[in-house]
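The values are calculated or read from the model by the stated rules, or taken from the named source; none is laboratory data. It should be emphasised that the depicted structure is a prediction, and the values quoted were computed from it without experimental measurement. Cβ: placed from backbone, ideal geometry, glycine included. Neighbour counts: every protein chain shown. Quick note on the areas: whole protein, heavy atoms, side chains included, nothing else; ligands and nucleic acids left out. Shrake-Rupley method; radii C 1.70, N 1.55, O 1.52, S 1.80 Å.
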Amino acid sequence: MAVSASASLSKAVKQQYMELPQGGKVQAMYIWIDGTGEGLRCKTRTLDSEPKSVEDLPEWNFDGSSTYQAEGSNSDMYLIPSAMFRDPFRKDPNKLVLCEVLKYNRKPAESNLRITCKKVMDMVTDQHPWFGMEQEYTILGTDGHPFGWPSNGFPGPQGPYYCGVGADKAYGRDIVEAHYRACLYAGVNICGTNAEVMPAQWEFQVGPCEGIDMGDHLWVARFILHRVCEDFGVVASFDPKPIPGNWNGAGCHTNVSTKEMREDGGLKAIEDAIEKLGKRHRYHIRAYDPKGGLDNARRLTGHHETSNIHEFSAGVANRGASIRIPRSVGQEKKGYFEDRRPSANCDPYGVTEALIRTCLLSEEGDEPTEY
């Protein structure tokens, strides 16, 4: 199994140093999204005291020419602290700091989708939009081969792996357990986890989160997963179709509800939202992966519990539809709906913003409205 060389370094020796006192100082790890729209970067600075809120954190900068975000001749980019979490790797009082990226002229970087998402969320605070996102991912060796798969072949066909238990069905549970506990420690609103349909594929769920918190919490949960995998010497892939052929892809199903949808008779508001989504399918497909729909085209084939990328559909308890209304919601006539189209490597800011624009701001057409 191809695990990284750093995984074989002695973690016991490292622990000796991690237990040394910090002399009242705090390590703050600044995290940001790079120019690919899906990669994460991080670096650490020392603070003189523990920050109590995001406002206590200083702005910082980095070299954007090394992150696909700027040219070498004018490469300084600004890091603007946006959300703060406890650091499960260095422990209290240290922090993880999720940042927005601004260019040299203090305009948002192209990969900074948070800034417009926040603006749109602020317009609908009275409707209290809640989101829950189901993040699927695949554990790979450093050679890109799925973790636990035979080196020169394939495991048995799908069937026994979803929510499976046993060494021949669940590949890499240690990583899942470590990630879950690290998220709880950090203050990420993680609400569950399970083994997925393809062996070495897993899912964790984040939510319910209101407004901009959805993107913040999911990005930090992804960062924590990458760091946990680093310690184990393996790689977490959010590729929407990591293995071609008769294997399930990886999505990031997004559950949506508003105050009106959660109240008695809310099914009417859910149906209205789905009708609006049906008229704006192309816009949403473009917003649901970092390559404008090209990544998702490999996954949304109409097979393996997906809808076809070219067609919009909705149904109660239908996992082959674009939008699924859970059976319990159909019975209770209130609750939420699930958009099954977002890809595993989507930007949650882009996804939730698109949903609000269409469902609550009633936008139409292939382009977002400027406010």
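Figure note: I270, I309 ranked by solvent-accessible area, largest first, 1.4 Å probe, ligands and nucleic acids not counted: I309, I270.
Rg and Dmax over the alpha-carbon atoms of the range 257-371 stand at 13.7, 39 Å. The residues of the chain expose, per residue, 45 Å² of accessible area to a 1.4 Å probe.
For GluC sites (Glu not before Pro), the sites in the range 1-109 that DSSP calls loop and that have at most 12 other Cβ atoms within 10 Å are E19, E59, E71.
Placing a label point 7 Å from the Cα of E210 along the Cα-to-Cβ direction, the residues of the range 109-141 whose backbone N falls under 14 Å of that point are 121-131.
Any chance you could run the full-extension gain for A167 through N318? It's 0.36 nm times the residue separation minus the Cα-Cα distance, nm to one decimal.
Once the chain is fully extended between A167 and N318, it gains 51.3 nm.
Of all lysines in the structure, those lying under 20 Å Cα to Cα from K95, and not within fewer than 8 positions of it along the same chain, are K14, K25, K43, K52.
Computed extension length for R181-R327: 49.5 nm, one decimal, from 0.36 nm per residue of separation with the Cα-Cα distance subtracted. Computed from label points 7 Å out along Cα-Cβ, the spacing between V124 and L361 is 0.9 nm. The range 125-180 and the range 319-362 have Cα centres spaced 22 Å apart.
The charge dipole of the chain, taken about its Cα centre with unit charges on the Cβ of Lys, Arg, Asp and Glu (plus for the first two, minus for the last two), comes to roughly 440 debye.
What is the count of Lys pairs in the range 121-360 whose alpha carbons sit under 23 Å apart, if the two are 8 or more places apart or on different chains? Close lysine pairs found across the range 121-360: 14.
When the GluC sites (Glu not before Pro) in the range 215-279 are filtered for DSSP coil states and for at most 15 other beta-carbon atoms within 10 Å of their beta-carbon, the remaining sites are E263. Stretching H303 away from S66 to a fully extended chain increases their span by 81.4 nm, per 0.36 nm per residue minus the current alpha-carbon distance.
How much of the accessible area of the chain, in percent, comes from carbon and sulfur atoms when a 1.4 Å probe is used?
51
Over the chain, the hull volume per residue, using the convex hull of the C-alpha atoms, is 153 Å³. Taking GluC sites (Glu not before Pro) across the range 105-208, the ones in a DSSP loop with at most 15 further Cβ atoms lying within 10 angstrom of their Cβ are E110.
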